[in-house]
1. Run the accessible area of chain A with a 1.4 Å probe and give the carbon-and-sulfur part as a rounded percent.
2. In nanometres, what is the gap between the two model label sites at A:Arg193 and A:Gln110, each 7 Å from Cα along Cα-to-Cβ?
3. Students often forget the sequence filter, so: which lysines lie under 26 Å Cα-Cα from A:Lys60 once same-chain residues fewer than 8 apart are removed?
4. Taking 25 Å as R0, compute the FRET efficiency from the Cβ-Cβ separation of A:Ser70 and A:Ala240 and round it to 0.05.
5. Suppose we compare each residue of segment B:158-198 in its chain alone and in the full protein complex with a 1.4 Å probe; which ones drop by at least 40 Å² of accessible area?
6. Using a cut-off of 18 Å between alpha-carbon atoms, which aspartates and glutamates can reach B:Lys25, once sequence neighbours fewer than 8 places away in the same chain are excluded?
7. Per residue, what accessible area does segment B:9-94 have, given a 1.4 Å probe and all protein chains present, in Å²?
8. Which whole number gives the average, over all residues in B:84-91, of C-beta atoms from other chains lying within 10 Å of the residue C-beta?
Amino acid sequence: MLRIAFSTLAGRKGGMFGAFAAVCLSVILVVSCGILVDSSLQAPIPVERLSAAEIVVQAKPEIGPNGNVSAPLSERRRLPAGLAASLQRLPGVRVAVADRSFSAQVIGGQGHLLTGRSGVATVGLGWESAALTPFELASGRAPRSAGEIVVSGELAQGAVRLGNRLRVVTARARESFTVVGIAAAPSAPRLTREAPIFFRGDVARRLSGVGDRADLIALALEPGADTRDVAQRVHRALAAQPGLRVLTGPARGEAESPEEALSRDDTIDGLTIFGALAAFIAIFVVASTFALSVQQRHREFALFRAIGSTPRQVRRMVAGEALLVSLAAVAIASPISVFAARLLLDFSTRTGMVPEGLQIVIGWRPFAAGLTAAIVTTQLAAFASARRAARIRPTDALRESAIRPRPVSLIRGLFGLAAVGGGAAVLMVSGGGRDSIAPASALVWMLAVALLGPLLAWPFSWLIGLPLSAFSRGPGMLARANTRGDLRRVASVATPLMLAVALVVTIYYGKSALWQQTIEQTNQRTTADYVLSSGKSAGLPPDVAVAARAIPGVRQASGSFATTVIVDSDPTDLQVLPARAVDPATLTPAVNDLGVVSGSLRDLHGAAMAVAADDAKEFGWHVGDRVRVWLGDGAPATLRVAATLTRPLGFGDIVLPRALAARHVTDAFDDTVFVRGGSRAALEQLRQANPDLEVTTRRQLAQRVADEQQQQSRAVYVLLGLIVVFCALAAVNAVMMSTAERTREFARLRLIGADKRQVAAMVRAETLIMVAFGLAFGTCIALPGLAIVSRNLTGSARPSGPLWVYGGLLAFFGVIAFAASGISARLALRMDPLRAMAARE
Amino acid sequence: MKTRIIQTAHTRSSTDSVRLSSVSKVYGSGDTSVAALRDVSLGLARGSFTAVMGPSGSGKSTFLHCAAGLDRPTTGTVHLGDVEISGLGEDALSRLRRERIGFVFQSFNLVPSLTAEQNITLPLRLAKRRTDTGWLNEVTQRVGLGQRSKHKPAELSGGQQQRVAIARALIARPEVIFADEPTGALDTRTGKDILTLLREAVDGLGQTVVIVTHDPNAAAHADTVVLLADGQIVEEIDNPSSELVAERMTHLGD
């Protein structure tokens, strides 16, 4: 049967090209996403500072208290420093170091911030950590007394000399140190993340503020020791300690920079979601295109049946053709996907969705995924349409008029209805809150419309066709009748448009609602006049808020920093909530009005927290409850709910006392200081001690929050744009496929007296109906979910956001569809009518 | 032996519906040129039923093309009534086709998504003319559609579909109706009914009909049979019988 499939395919190259093109496009989309995901997964985080430490022991940067589900930690999780001593004793270990790094801003003699090459930030380390790179003294000596430091040669491009006195600012203290040594690491890779400053061991310990805990235990081995053997011994030695992991080789990079590991994981999540969406859409498009192409060959299948093929043989022939088409499409699309992946990487890097420097790695997995998806989808689509084709009665081959079989089979109709019900169910069970799953109803309804499309198209064409046929009696009436007669064609053009519109409305306007609400809440909440923040460094030390308060004219100044809190909302789910650590004594309504609805912020001391009212409702918490949560580094804490508040967006869902959170974050610098009163000039005086300080007004804060939201969303918008382009191409493909087969129909019309203009007008009217159908239904299925999200966020079900995006999308699709139909109609009209009538269909 | 008939006077009369004057059609150029029609002159009188016959390659398709204005002759002129159509542009020709020429094909005549009645009135809609309901009813009755005018083509038999096609050709009261193998896809009995219908259109309505066919039985319904071979008219047979036509066709190569 495959041989017959091959020859029928070869003869029908034109007809199958549309299906081939659809599969090709889909494969390109899915595989290029897959390549990016694969590259991200495989991209190692480079090991730089720990190059000489063959083994690194780290506390696992995730928690999974309930066994099956885990949540990543946003703050560094520390482990007991005493482990270094016990590991030092293991054979093969030359030195075991309890490594602690902490943000240390260095202010030079002229009063400006010193940084490493290319502006990398400075970090403080104990001198014992120098052996891990290894850093060696290029000049001077190691720090002997408490006031001495060794700096890396890159600091301030080598403008630091032995004997210079530098001021070092950490979260705990502001002190001056003398440079007694300059170190370099010629044998190690260049440090791109930080420029180290080495203190005497105990000084580093004091400044880091983590006490007898460390970030990592790093082991440098004896020369000739076997890394794997020693690693196994380390494993055994640590068997009693839960929650640790032993890393060697490239995996150490994750321990050296957990922040990069987190961001990479976010990237992978984002790309995977996008890839899944793309695959979802691609499946729809391929299925509808295939259905159309099988339908177009209705008469040919009838012929096969008439000359004696059994239904099974026809089915196998269709399946065989589908297989050939998908194989050919994968073969052509694969090299194009590589090219497309590079383009996608460019885009993603520029919009910040993917970290800089990610290299494309071409593995086998994305192509395997693309091949599987192509074959499975086309086989399923072919199976569904072949069943219909196989049941054609042989006599249909001899009948003259084109017969359109019943558009929706019973099974398909039942599934469609089930999907309608499913979407409604999603809406009903979707909770309140920001993360409502209500938008998922749009996805389920997409399936419903795709299944029931032909049925829905009938009344729609009838309705929209009314004004059309009244307006232009000939072409309009024909258009109305044709779209009602060929419902599958309508569906194949309308489906991609519907999918794209539904996705854009759901995702873009969903985000837009959140974004607007964040700005609004920030504006309502911020009563401070000025906001202090730091430029590129880690933040402002806590004494900045104190200094600001001391300025005459300043009524209040309150510093805070962002962190996270993990909640188990139900036993099967861990939620990571954005939190903010504040100074309860100074967080008065003078600087921030959080909209407290129950309890009081005055009770926010000790082991307590304030919670966003929506979250409290979702978790069933009340003021006074004691709740178990985990802080940013995974440390468990039982906190008393002190208050609930209504303006969390842009601030934090959970508000903690800073004293509680400070020991459980990577660096306890303030990222924002809210100031009421005073003047800009006075506040800028603070720059003398903090060169990195920036003073902004309340208005500028809202703008900055908005810009940040935009930045985060930009990657999503780019990906949405890709899906829109894909759907436009799919719709164009369907238009061209269906118009190309109508040469005989156009010829007939011309022979009974229609001129080319009238035929073209008919095609335009049909396109209008099909496009309107897709866009209208796409909007309808997205609106309910969006209304619910809007209501949760803003209290009103009316969606918010700029209208021009929606209008622009409609206009874009309209223009593309009309252009495609115009061009394909013109091509189909070129042939002489009588010759076209006699030609093969 | 080829019999060349002298042009009789009636071929130059203005009571012709269609008149070809010295029409030649040459495809290609130079060494590869093919003369599909060679200096053909023929007049088809109003109210006549003519059958054009010939073996394949005889030029009968080209004849139909030129006569209906679908192809421009290389030399010579074609007149539809008093209008010379060989020089008209596409738009003018379209208007002509919807008002003054009717077409019936062998198959795929009808728009599948329209009912029979809508198919019949389609040329009028395209011409933006009102439908005369009385005339529509009469035409529907004459072609014998009876109660089936609200049905779609898929629900009609082959013969019924051809009836609808003829009704559509008649509705605009055209100068001439061209039929390309109208009974080719039908069985003999149905085909006979269709030919009888065309005959009635000629006799009862004064319609001019030209059919192109290869079936001597079909040709026998006509007033005149024009035999084409190698692009030229070789014989005109008045009041044909199917036996005579068959015999003439067989001896065409002599």
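The values are calculated or read from the model by the stated rules, or taken from the named source; none is laboratory data. Source: prediction; values computed, not measured. No Cβ is skipped: glycine too gets one built from the backbone with ideal geometry, and neighbour counts run over all protein chains shown. Keep in mind that these areas ignore ligands, DNA and RNA; they rest on the heavy atoms of the full protein, side chains included. Shrake-Rupley method; radii C 1.70, N 1.55, O 1.52, S 1.80 Å.
1. Details: 20650 of 34700 Å².
In chain A, the share of accessible area belonging to carbon and sulfur is 59 percent.
2. Here the answer is 3.0 nm between the modelled labels.
3. A:Lys60 reaches no qualifying lysines.
4. Numbers: r = 22 Å, r/R0 = 0.87.
Efficiency, from the Cβ-Cβ distance: 0.70.
5. B:Gln161
6. Reachable aspartates and glutamates: A:Asp832, B:Asp39, B:Asp71, B:Glu84, B:Asp230.
7. That works out to 41 Å² for each residue.
8. 1
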